[in-house]
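Written out below as C-alpha cells is the structure these notes cover.
The values are calculated or read from the model by the stated rules, or taken from the named source; none is laboratory data. Everything quoted here is computed from the prediction, not taken from an experiment. Please note: Cβ atoms are built from the backbone with ideal geometry, for glycine as well, and neighbour counts cover all protein chains shown. The accessibility values were calculated without ligands, DNA or RNA, using every heavy atom of the protein model including side chains. Shrake-Rupley method; radii C 1.70, N 1.55, O 1.52, S 1.80 Å.
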Amino acid sequence: MKTINISVLHQMKSSGEKIACLTAYDASFATLLEDAGVDVLLVGDSLGMVFQGQTSTLPVTIDAMVYHTTCVARGVQRALLIADLPFLSYTSPDRALDNAGRLMAAGAGMIKLEGGLRIVETVRRLGQWGIPVCAHLGLLPQSVHKLGGYRVQGRDPDQATEILDHAKALEEAGSELLVLECIPVPLAKRITTELKIPTIGIGAGIYCDGQILVLYDMLGITPGKRPRFSRDFIPGNNSIRESVATFVSEVKAGTFPQLEHSYT
Ligand code: KIV
C-alpha cells in the first residue's frame, strides 16, 4: 500500500477517493489502525479528554503532545501522522515554530492548529520552514469557553461567510489540509468545492473529502453521551480491527456519515 503524504491526499481529492482518518494516542493502536486501512492518524489534543480524563482540551501541554506523538510514530509506517499544537502553544509564529519543530522531531508529518485569520501568519511561517499545516475551522474545542459550549458553528449566514473566507485565507497562506468540525452540511460542501486542498469533516457531513472521528468515540468507550456526529462501530463487528476496517470502508463508500450524524 502507498505511503500517505500530502500529494497522495491531494490526488485522492482529485480522484474522489475519500480519506479515512482517526485519532491515535499510542503505538499499538497506531499499528492496528494503519493495518485496518486508516490513511491519516491524528495525535489530537482530544487526548486530554479521552486519555487523561480532563473536562476539556485546555490543560493539554506541548510535552504531553510530544510524548504521545513519539509513541504513535513508533507504530506507524504508511499513514500520514498529524499532531495537534495544544492550547496557547502557538500564540505567535515564533512560538508555533518552536513547538511545531518539537512535534516534527517526535515523528509528525504535519501539524494541526485551530483558528482562522488569527493563524494565517503562523501557517505561512511554518510553511517557510518546511512544516506542512492542517488548519481547523468551525467548532474549535480550544475556544470552548468563548463559544459558550460545544455548539454547531456557521448556521448564521454571516458566520458561514466568515468561515468560508477564513478557509480561503488559510489555503492561500499555504495550509495543506483543513479539518471542518460541526458545521452545516451545505457550508462544508461549499468549502470543499471552492478549495483545492482536501477537507476532513467531523460533524460536517458527507461532502467533505475525508472523515475523522475520535478513536474512543467510534469504539464506544468514551464515557458519557456520544456526540451526534459519531457512531459506535463495535456492534455488528467481531473485533476492534474489524470495527475500524468497517469505518474505513464506510467512509470510502460514502455511507458514513449519514444525515443523522450531520447538521443542517
Ligand atoms: O483533537 C482532536 O481529536 C481533533 C479532532 C476531533 C479533529 O481535533
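Things worth noting here:
- Only one of 133, 144, 185, 152 that is within 16 Å of the ligand (Cβ to nearest atom), surrounded by 14 or more Cβ atoms within 10 Å (Cβ to Cβ) and farther than 27 Å from residue 108 by Cβ: 152
- Of 217, 209, all but one fail to be under 15 Å from the mean Cα position of the chain (by Cα), acidic (Asp, Glu), over 29 Å from residue 128 (Cβ atoms) and within 16 Å of the ligand (Cβ to nearest atom); the exception is 217.
- None of 73, 20 is among the small types (Gly, Ala, Ser), crowded, with 23+ Cβ neighbours inside 10 Å and in contact with a strand residue (DSSP E or B) (Cβ under 9 Å, 6 or more places away or on another chain) except 20.
- For region 155-168, the set of residues classified as within 19 Å of residue 112 (Cα to Cα) and crowded, with 16+ Cβ neighbours inside 10 Å consists of 163, 164, 166, 167, listed by residue number.
- Residues that are farther than 16 Å from residue 189 by Cβ and more than 16 Å from the ligand (Cβ to nearest atom) within region 155-170 comprise 156, 158, 159, 162, 165, 166, 169, listed in sequence order.
- Hits in region 188-204 (condition: within 16 Å of residue 264 (Cα to Cα) and surrounded by fewer than 21 Cβ atoms within 10 Å (Cβ to Cβ)): 189, 190
- Complete set of residues in region 106-127 that are without any contact (Cβ under 8 Å) to a residue 60 or more places away in the chain and either among the charged types (D, E, K, R) or open to solvent by 50 Å² or more (accessible area, probe 1.4 Å) (or both): 114, 117, 118, 121, 124, 125
- Considering region 155-264, the qualifying strands (runs of 3 or more DSSP E), each wholly inside and each with 2 or more residues that are in contact with a Phe, Trp or Tyr (Cβ under 8 Å, 6 or more places away or on another chain) and in contact (Cβ under 8 Å) with a residue 40 or more places away in the chain, run over 210-213.
- Residue list for region 220-240, filter: open to solvent by less than 10 Å² (accessible area, probe 1.4 Å) and either within 10 Å of the ligand (Cβ to nearest atom) or of a type in the set (Asp, Glu) (or both): 230
- Scanning region 205-219 for residues being open to solvent by 10 Å² or more (accessible area, probe 1.4 Å) and of a type in the set (A, V, I, L, M, F, W, C) gives a total of 4.
- Residues satisfying the stated conditions in region 88-130, i.e. within 16 Å of the ligand (Cβ to nearest atom) and at positive phi: 88, 115
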